[in-house]
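Chemist: If you scroll down you'll find the structure; I have some questions about it.
The values are calculated or read from the model by the stated rules, or taken from the named source; none is laboratory data. Quick caveat, the model's predicted, so the values are computed rather than measured. Note that each Cβ is placed from the backbone with ideal geometry, even for glycine, and that neighbours are counted across all protein chains shown.
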Amino acid sequence: MDLTIVGLALASAALHPLRDFFIKGNAYPEGLCLAAIMSSMIFAAIHALVLGIDLMSIRAIWPLPLASGLGMVFYLSFVVITLREGDLSSYYPITRASPLFIVVFSFLFLEQSYSWPVLLGIVMVFCGAFLLQYSRGYGYLAQPRTLAVAVSAMVAHGLLTIVDARAVQVVEPMVQFFWASLFAIIPTAVFFARNRPPDRSVVEFLFAGWRHTPGSFFIAGFFAYVSYILMLTAFQLGGNVAAVSSLRQASIPISVLLGGLLLKEFNMLGRLAWSLILAAGIAVIILAK
């Protein structure tokens, strides 16, 4: 795999856990999630304006950003529910385990083939991601509802990743991200508003965080945008969807550190030990021909 693509994917991975970290640690996770979508759309528009890129070039492939936007709604909604109920370091690995889904989907429906070394690396990354959450006395089925929601987030992320990878072969990454975010804003806001506590107004539930934690809201949106643009650029340069997504699994050890050191989640050292398997899988993918 080209080293530029590897670098973009790993840089994207390093930034990605920050949004979920802020979602987990914020008193207004739904509002922060919605703010991240809105901020990303604004950043994408500014990015396109500075580079002189026409946002209306999306007309050639408009169903793709629509599909990506819907995928974003489901993915982020599932992530918020998962992180409200479970640890960041325990369930982030599952929500990010989309490479296995992508490989199966691409093989069955997109006639994609993979070399054995790439498949081995993907499997190693996938296994490492799941083993990172294991702790004696805290099995995978200790929270079956949370696990089911996390797996649903994984599937949604896998589907929107496949769609985005196809879209950026035709349009610039910020164009795809702008329209996908635009299509996602209203459905996400409606979903969160309908599921808010009965004693909180819609305005307070979704927007009070801008008053109480404006820094977290801004930082989460900014780094979410930069992370996503780096990934889309890797796709645009020819990066294989499953392989790039696997490299982004490097975000998992970072999520373990964030969860253990800052959120005081348990078994940080044990989860870090399993990250060696994940790191080995990344090395196999990089070296595969």
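Chemist: Would you mind telling me which numbered condition in (1) within 15 Å of the chain's Cα centre (by Cα); (2) among the polar types (S, T, N, Q); (3) farther than 22 Å from GLY128 by Cα ASN26 fails?
Modeler: Of everything listed in (1) within 15 Å of the chain's Cα centre (by Cα); (2) among the polar types (S, T, N, Q); (3) farther than 22 Å from GLY128 by Cα, ASN26 misses just condition (1).
Chemist: If LEU76 meets every condition in (1) touching a Cys at 6+ places or on another chain (Cβ under 6 Å); (2) modelled with pLDDT of 95 or more apart from one, which number is that one?
Modeler: Looking at each condition in turn, LEU76 falls short on (2).
Chemist: Can you name every residue in region 76-87 that is more than 18 Å from ARG194 (Cβ to Cβ) and either hydroxyl-bearing (Ser, Thr, Tyr) or surrounded by fewer than 24 Cβ atoms within 10 Å (Cβ to Cβ) (or both)?
Modeler: THR82, GLU85, GLY86
Chemist: Which of the helices (runs of 4 or more DSSP H) contained wholly in region 208-253 include at least 1 residues that are under 17 Å from the mean Cα position of the chain (by Cα) and closer than 14 Å to ARG96 by Cβ?
Modeler: Qualifying helices (runs of 4 or more DSSP H): 214-236, 241-247.
This table checks each residue for (1) surrounded by 24 or more Cβ atoms within 10 Å (Cβ to Cβ); (2) under 14 Å from the mean Cα position of the chain (by Cα).
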site: ARG19; (1), (2): yes, yes
site: MET38; (1), (2): no, no
site: MET41; (1), (2): no, no
site: ASP54; (1), (2): no, no
site: SER57; (1), (2): no, no
site: PRO65; (1), (2): yes, no
site: PHE74; (1), (2): no, yes
site: TYR91; (1), (2): yes, yes
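Chemist: Is it the case that region 135-146 has a residue that's aromatic (Phe, Trp, Tyr), over 18 Å from the mean Cα position of the chain (by Cα), modelled with pLDDT under 95 and closer than 23 Å to ILE102 by Cβ?
Modeler: Looking for residues that are aromatic (Phe, Trp, Tyr), over 18 Å from the mean Cα position of the chain (by Cα), modelled with pLDDT under 95 and closer than 23 Å to ILE102 by Cβ, one finds at least one in region 135-146, hence yes.
Chemist: For region 58-115, name all the residues that are farther than 23 Å from PHE178 by Cβ and β-branched (Val, Ile, Thr).
Modeler: ILE81, THR82, ILE94, THR95, ILE102, VAL103, VAL104
Chemist: Then there's this: Taking the criterion of being small (Gly, Ala, Ser), surrounded by 19 or more Cβ atoms within 10 Å (Cβ to Cβ) and either assigned to a helix (DSSP H, G or I) or at pLDDT below 90 (or both), would at least one residue in region 109-116 satisfy it?
Modeler: Checked against the condition, which is being small (Gly, Ala, Ser), surrounded by 19 or more Cβ atoms within 10 Å (Cβ to Cβ) and either assigned to a helix (DSSP H, G or I) or at pLDDT below 90 (or both), region 109-116 yields no hits at all.
Chemist: Counting just the residues of region 1-48 that are in contact with a helix residue (DSSP H, G or I) (Cβ under 8 Å, 6 or more places away or on another chain) and not in a helix (DSSP H, G or I), which one comes out farthest from HIS157 (Cα to Cα)?
Modeler: ALA27
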